[in-house]
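Working notes, structure below.
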């Protein structure tokens, strides 16, 4: 099962000199397959994205993604972009720039739309309880969605320990994505 580390300024900071050692340590510790630089509030997003991508290049098979800004992801040679659930209309443009595309999804309809629009992956959330993310969908609902789609699905939301990862491993999900698990 693939793992997808998502950064948060709460843990990784918005200061490049502090960010890089924290990111490097977490990548070494967890060895994820994918990593996303996600910070919706940083006014120096491009500078931090460069720092993020620089650290990620130290890890041979790590796929590094930037959040939302597909033009910046292409400019900085990121592997891909993670689009929000309001950016389905940007999938084709991001793909035309040579990027792999992950799209946030919250319903079966979202997942099918992303699949039909050419996205490579989706995150489906929240599977487990996660602060401020609404009612958890649960593993049974995740399985139902997985049985109806062909796109690679990362389970997301409230994944903080091995018990939850084991539950996801019993499904046909491509992998899991998390912020807090990777702290």
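Relative to the current alpha-carbon distance between residue 170 and residue 29, full extension at 0.36 nm per residue lengthens the span by 48.4 nm. Footprinting exposure proxy ranking of 68, 172, fewest other C-beta atoms within 10 angstrom first, gives 172, 68.
Most fluctuating residue of 41, 171, 13 in a GNM of the chain with Cα springs under 10 Å: which is it? Greatest mean-square fluctuation among the candidates belongs to 41. Residues considered: 11, 154, 128. Largest GNM mean-square fluctuation over the chain, using C-alpha springs under 10 Å, is found at 11.
Using just its DSSP H runs of length 4 or more, each adding -39500 (n - 2.57), the chain gives a mean residue ellipticity at 222 nm of -10500 deg cm²/dmol after division by all residues. Computed over the chain with a Gaussian network model linking Cα atoms closer than 10 Å, the most mobile of 124, 45, 37 is 45. Roughly speaking, what is the centre-to-centre gap between the stretch 136-174 and the stretch 1-70 when only Cα atoms are used, to the nearest Å? A separation of 23 Å, based on Cα centres.
Bear in mind that the values in this text are calculations on the coordinates, not laboratory data. A quick note: this is a predicted structure, and the numbers were derived from the prediction, not measured. Please note: Cβ atoms are built from the backbone with ideal geometry, for glycine as well, and neighbour counts cover all protein chains shown.
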